[in-house]
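The values are calculated or read from the model by the stated rules, or taken from the named source; none is laboratory data. All values reported here derive from a predicted model rather than from experimental measurement. Backbone-built Cβ (ideal geometry, glycine too); neighbour counts: all protein chains shown. SASA here: full protein model, heavy atoms, side chains in, ligands and nucleic acids out. Shrake-Rupley method; radii C 1.70, N 1.55, O 1.52, S 1.80 Å.
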Amino acid sequence: MPTDWTTFRLGNVCSKIGSGATPRGGGSVYLAAGDVALIRSQNVYNGGFHHDGLAYLTETHAEELENVAVKAGDVLLNITGDSVARCCQVDPEVLPARVNQHVAIIRPNPGTLDAKFLRYFLVSPGMQADMLSWGGAGATRNALTKGMIEAFEIPAPRDVGEQRAIAGVLGALDDKIEVNRKMARVLEGIARAVFTSWFVDFDPVHYNIRQREHAALDRAGRFVSTGDDFSIRSAEGQLLRRGGDAVFGKIAGLFPDRLVDSPLGEVPEGWRVGTLGDVASERRDGIAPEDIQADTAYIALEHMPRRCISLSDWSVADDVASGKLVFAAGDILFGKLRPYFHKVGVAPLDGVCSTDIIVMRPKSPEWSAYALGIASSDEFVAYTDRGSAGTKMPRTNWTDMAAYPIVVPPAPLAAAYNKVVAPMIGRMIAGTHANRTLAALRDTLLPKLISGELRIADAETIVGRVV
């Protein structure tokens, strides 16, 4: 340890160390959206705060947990169960927030120990190994107690400014990773919005219907068009509607101007009612463990995030002991066990996956984005949930999935949607690979910086080449 460093006992340099509780009513009072977030162990990862599965409370239930209110900068540490020792700082976007009993709040005194420096120390390989060892020493399940956390010894520069500088170098890499993640979320939101507009709400069809009606009104002298804008007035001159064709004008010709009845309700004229199996098929290429190269990418259910069409995590198949399924970049992976139906996304590379995952492949390239839009929709997830069979681990199967009724648009329209969405997915996947490179660099620098082995100036030079 450098001479200008010291060792802090964590309990002596924190204004708060403590875990939360479950509000009265337990999970029954959790909300999908609400006034105050409830942070649980599933939101706390060494790589950062995860919003997936974030629960919310009403103000009334949050008041019961006022003593475990989370503040900006707080370090969060999982203290029980299989996720023990995972650690991050709270995302300020989720505040106000509380934590449950599986998560501890650690709030260091800012004039003595920088919170971001502490977080990086806690996720360093050596400290992770220590916490996992301490947490697994109990007779029942993994757990870190308040006393254990207070006794943590944190080597750090005496100068808190130097602590912040070390954390800033590592933070620059994490910030770039987060920018890529946020961009992926934005792109995914756009892709889903376009899918809903074109294939669920049929907005371009309604646009064409209005245009046809406008043409009739124009002949009657009641429609006035100026450039991209139009207005409709009554015979008495009253303004009835105003709009524009900047959004749909370029694609309107791909859509009809009428809706017709069908077994699925009103659908665009010329579209047909079919099934998911009309546009996608299951890939069932199996491979024995002895035939899998050790460095082959391996995706299991735990690698697949909820409701994210771009998969960003995988491991390698160096110790798989059973047969797996082969997939290729661009295939759609769908978790077939009931708790994991919401886990669906595009494979970012070639590899193998768990047999608890169904590998889907569009029947031709133009159907890729459309098939993904169907498979990742709330309606399809609900359909697979209702049809799942089995008592202990209910699961779906491709036969039932393929029978899911859909409205099938003309192939040129599916190709047009794919042309819009495919570049977005490409950018998400590129961001995924960039993030893994950035994370690898961060993980290489972290123990060297946290121990004082690597000087800040040298680390800044290295990081400056990639961010």
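Inclusion of Met401 among residues that are over 16 Å from Ala422 (Cα atoms) and touching a strand residue (DSSP E or B) at 6+ places or on another chain (Cβ under 6 Å) is not warranted.
Can you spot a residue in region 287-309 that is hydrophobic (A, V, I, L, M, F, W, C), part of a helix (DSSP H, G or I) and within 29 Å of the chain's Cα centre (by Cα)? Within region 287-309 (the criterion being hydrophobic (A, V, I, L, M, F, W, C), part of a helix (DSSP H, G or I) and within 29 Å of the chain's Cα centre (by Cα)), the answer is yes, since at least one residue qualifies. From the list Glu379, Glu302, the one residue that fits, being surrounded by fewer than 17 Cβ atoms within 10 Å (Cβ to Cβ), of a type in the set (Asp, Glu) and within 19 Å of Tyr417 (Cβ to Cβ), is Glu379. Among the residues examined, Ala457 does not qualify as open to solvent by 50 Å² or more (accessible area, probe 1.4 Å), farther than 16 Å from Val169 by Cα and part of a helix (DSSP H, G or I). In the condition set (1) small (Gly, Ala, Ser); (2) open to solvent by less than 60 Å² (accessible area, probe 1.4 Å); (3) part of a helix (DSSP H, G or I), Gly452 is compliant with all but (3).
Taking region 266-298 only, how many residues are farther than 27 Å from Lys324 by Cα and out of contact with any strand residue (DSSP E or B) (no Cβ under 9 Å at 6 or more places or on another chain)? So the answer is 0. Summed over region 314-333, residues that are buried (at least 17 other Cβ atoms within 10 Å of the Cβ) and part of a loop (DSSP other than H, G, I, E, B) total 5.
Would region 395-411 turn up any residue that is without any contact (Cβ under 8 Å) to a residue 12 or more places away in the chain and over 25 Å from the mean Cα position of the chain (by Cα)? Yes, region 395-411 contains a residue that is without any contact (Cβ under 8 Å) to a residue 12 or more places away in the chain and over 25 Å from the mean Cα position of the chain (by Cα). Restricting attention to region 438-449, the residues being exposed (fewer than 13 other Cβ atoms within 10 Å of the Cβ) and either in contact with a Leu (Cβ under 7 Å, 6 or more places away or on another chain) or not small (Gly, Ala, Ser) (or both) number 1. Note on region 302-321: residues that are in contact with a Ser or Thr (Cβ under 8 Å, 6 or more places away or on another chain) and modelled with pLDDT under 85 amount to 6. Return yes when Ser15 is hydroxyl-bearing (Ser, Thr, Tyr) and touching a His at 6+ places or on another chain (Cβ under 8 Å) and no when it is not. No. Taken residue by residue, region 122-136 has at least one member that is assigned to a helix (DSSP H, G or I), open to solvent by 70 Å² or more (accessible area, probe 1.4 Å) and hydroxyl-bearing (Ser, Thr, Tyr).
If I ask for residues that are small (Gly, Ala, Ser) and part of a strand (DSSP E or B), which ones from region 152-184 would you list?
Residue satisfying the conditions is Ala156 alone.
Filtered by the rule that a residue be touching a residue at least 60 places away in the same chain (Cβ under 8 Å) and crowded, with 16+ Cβ neighbours inside 10 Å, region 255-277 gives Phe255, Val267, Pro268, Trp271, Leu276, Gly277. Just the residues that are modelled with pLDDT under 90 and either polar (S, T, N, Q) or part of a loop (DSSP other than H, G, I, E, B) (or both), please, taken from region 353-393. Residues satisfying the conditions are Ser388, Gly390, Thr391, Lys392, Met393. With the structure loaded, tell me whether Ala415 is under 22 Å from Pro256 (Cβ atoms), part of a helix (DSSP H, G or I) and touching a residue at least 24 places away in the same chain (Cβ under 8 Å) or whether it fails that test. Against the criterion (under 22 Å from Pro256 (Cβ atoms), part of a helix (DSSP H, G or I) and touching a residue at least 24 places away in the same chain (Cβ under 8 Å)), Ala415 qualifies.
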